[in-house]
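See structure below.
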Amino acid sequence: MPSRGFPSSFQGTVTQAADGSPLRGILVSVQGSGIAGVTDGSGRYTLSRVPAGSQVIIVRWLGYRPRQDGVTVIANQSVTLDVALETQPVALSEVVVEGVSRAPERVVEAPAAVSVVEPTVARDLAVTGQAPLAVAKLPGADVVQSGVNDFNVNARGFNSSLNRRVLVLQDGRDLALAFLGSQEWPALSASLDDLGRIEMVRGPGSALYGANAFSGVLNIQTPTAREMVTKLLLAGGELSTFRGDLRHAGVSPDGRFGYRFSAGYNRSDTWTRARTAGDGLDWQREYADASDSLAPVVIEAEPLAGQGLDATTRAAVGAAVGDPDPIQNIYGSGRFDYYADDGSVFSVEGGAARVENEVFVTGIGRVQVNKALRPWARAEWAAPRFNVMAWWSGRNTLDPQLSLNAGIPLEETSHIIHGEAQVNQVFAEGRARVVVGGSARAYLVDTEATLMRPQDDDRNDAYYSGYAQFEVSIRLTVNRAFQTPNYSEFFLRVPAGQPTANPAVLEQSIEGYYAAVKGALGPAVDPLGLPDDLAWNFAAQTPILGLGNANLNVEHVTGWEVGYKGSLTDRVFLTLDVYFNRLSDFVTDLLPGVNQQQYPTFDLAATDDVPADLAALDAALAGLGLPPNHPLRAPIPQLLGGYNALLAATGPALTTFDGTRAIVVSYANAGDADEYGVELGLGLQLTNEVRFDANYNFFEFDVDATSVVSGDRVVPNTPKHKVNLALAYSGSQGFDFRVSAQFVEGYEWATGIFFGPIPSRQTVDLSVGYQVNPYVRIHALAVNV
């Protein structure tokens, strides 16, 4: 037996069998050791500190037939292994994933419905910087785009304008904002093709991931430093888009340490428009091609950053003047890895992203982030049977965010600090496994009283959780998940619109009219008892407020699911998932009158019977012989019209708040609903160079009408039928292309005060690339052709 030691190097070249051209980015690993490397532009790789003795070298990547070669490693000697790979169908059953149970396993054995984004799709979309587009055409995924970088990613129904039911993790780090619990996609501090494996876990997942793994988990696993190569990406396109990303990675000579540094810059004009025109039709004009039945929305107080307001045209089209400032994102990150002999990896990394001028849709209307910083850091010790990790994520408002609806600045300084540990053990010769873990998390949130009351602000809250899962090889699952209300839903206090003088004007008009009639007619009208002062007591300006609900319950979902994934032949891959979910206590958007416990409705009619008073007064004046056009009778229709308009505009939203009248929208637990569906996926490798993929999604739901909050429109915001098709070619001559199409049936959309039909749509995306040489690739992408 050879003596134990380490060779000076283990190296070689990976080429394509068809023409001998070098292959870049191919993963080369030593089986069972955790030692791995990736080929450079010349197809060369180097592995260090490989233990002496018999070893199995694995060379694999999607689209190529994997190779396993037995090699005898002699201590202190160099070993060379050159490999030629043959193309083959992309059999997703052979893709190794770690996100579902946080330990390596094949997708077909995963205890959940999982779809993996092909690396070529992420590579092609890297020029956009829009990570959600990578999962938009996966089975069961719903992606709604409201701005250039404003996306809501959901799975299996009940999407919203501020979705947080899908937990988004990057290497185990939650990417959500502390205050809202939703994603800020421009703050992703990495290029899309640096993200490695992107997988969509569909269905409830709180057992392993905690709160907000409600409808699924979008799990992003970035490669270790030794699995990456130095790379430069430059891209441009419509909307004066420019993107540049630079990555540099390397490994120390002894193979013990790896490092990676990344930096990027993205700039783009926006297709988002101001909604400040006084006729209230900006929204319809912006989406004129989408629907002919859009309802008017509140006129916004502020235009977009870089624009001004033309006072002379405030009541007309084009009140906003000038061009909006461009959207800009700047990021940087670094990572250091230590590779131990037992295959474990210790990693330390950190970075920051600065986002500017993106507009996001929230419950209080659109908010523009003028300038914010998202710093983060993470440390992890990962081994085959355990994982220990800690991370920190922050958000600092450098320039105040602006509520376009209310025209006020908003601040947020927040931190999330998280630590967790997890162990797993395999039983029954690998046919079963137990996963056990626990975590602790602290939230520190300060909005400087711009989003919460001072007594609720500057918070420091801690959460603890434990989880366990038992897995067997047949996937028949029952999952229960929960979603805790976020800080906004619990403690929000912020103007939801500009204060209005209409209630005070109407009150003063009615009181002034009563006084005028009394003065003109004297005692003749005394029997009517006309009030000198209405009991409404409106201030000169009535505030419009979005307020939280401290009595909200936690949302729950219980899901039943059965699924199959597997290769029918060496060129046909099939996935089938059937699910049924029961949701309870899900939280509404901001709505009027739903939180009666804290903000009971102020009843105009019960306080003073104005319509009856005016009708009786009109009859009395008519009895005195005054004609309808008499100055004392003529204002009555206008006053009644104003009263009815006020009642219609405020309705249950009018309440008494802090001793004064206010128009309030708040949250409530909406009720219960069932959702069920089928997700079918098919992959066909037509030739070694051509692949066809298709998936079909069917969704249906049933709402318990007896449990729905009055005024809420409970619809899932999800199409009943959706089809995705894709055809891809990758040839040995360096040329590749991909064309994909999506067909979505029309459906109803309702979140808060926004509602209307979403028409059916058909979209086509096209990407074309050419590998000029091992170091240069030219690529073009057209989205929504």
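Taken over the range 99-119, the criterion of being modelled with pLDDT under 75 and open to solvent by 20 Å² or more (accessible area, probe 1.4 Å) is satisfied by R102, P104, R106, V108, E109, P111, P119. Set side by side, the residues G437, G365, G351 differ, and just one is in contact (Cβ under 8 Å) with a residue 12 or more places away in the chain and either over 26 Å from Q221 (Cβ atoms) or polar (S, T, N, Q) (or both), which is G365. For the range 757-785, residues that are modelled with pLDDT of 85 or more, open to solvent by less than 50 Å² (accessible area, probe 1.4 Å) and out of contact with any Phe, Trp or Tyr (no Cβ under 9 Å at 6 or more places or on another chain) total 1. Looking across the range 245-280, just one residue is modelled with pLDDT under 80 and crowded, with 17+ Cβ neighbours inside 10 Å, and that is G255. Taken over the range 413-428, the criterion of being open to solvent by less than 10 Å² (accessible area, probe 1.4 Å) and within 21 Å of the chain's Cα centre (by Cα) is satisfied by S414, I416. On the stretch given as the range 685-707, residues that are open to solvent by 40 Å² or more (accessible area, probe 1.4 Å) and over 22 Å from H721 (Cα atoms) total 7. Evaluating R260 against the criteria (1) over 29 Å from G563 (Cβ atoms); (2) out of contact with any Pro (no Cβ under 6 Å at 6 or more places or on another chain); (3) not in a strand (DSSP E or B) leaves one unmet condition, (3). Going by the conditions given, is Q170 within 11 Å of the chain's Cα centre (by Cα) and modelled with pLDDT of 75 or more? Against the criterion (within 11 Å of the chain's Cα centre (by Cα) and modelled with pLDDT of 75 or more), Q170 does not qualify. Under the condition of being among the hydrophobic types (A, V, I, L, M, F, W, C), at pLDDT 90 or above and over 23 Å from the mean Cα position of the chain (by Cα), the residues counted in the range 328-374 number 3. Residues of the range 521-562 that are within 19 Å of N212 (Cα to Cα), touching a Phe, Trp or Tyr at 6+ places or on another chain (Cβ under 8 Å), in a strand (DSSP E or B) and of a type outside the set (D, E): H556, V557, G559, W560.
The criterion of at least 2 residues that are within 25 Å of the chain's Cα centre (by Cα) is met by the following strands (runs of 3 or more DSSP E) wholly inside the range 637-704: 660-666, 669-685, 690-703.
Being open to solvent by less than 40 Å² (accessible area, probe 1.4 Å) and outside any loop (DSSP other than H, G, I, E, B) is the filter here; which residues of the range 318-339 pass it? Those that are open to solvent by less than 40 Å² (accessible area, probe 1.4 Å) and outside any loop (DSSP other than H, G, I, E, B): A320, I327, N329, Y331, G332, S333, G334, R335, D337, Y339.
The values are calculated or read from the model by the stated rules, or taken from the named source; none is laboratory data. All figures in this text were calculated on a predicted structure; none of them were measured in a lab. Quick reminder, even Gly has a Cβ in these numbers, built from the backbone with ideal geometry, and neighbours come from all protein chains shown. What goes into the accessible areas is simple: the full protein's heavy atoms, side chains included, and nothing from ligands, DNA or RNA. Shrake-Rupley method; radii C 1.70, N 1.55, O 1.52, S 1.80 Å.
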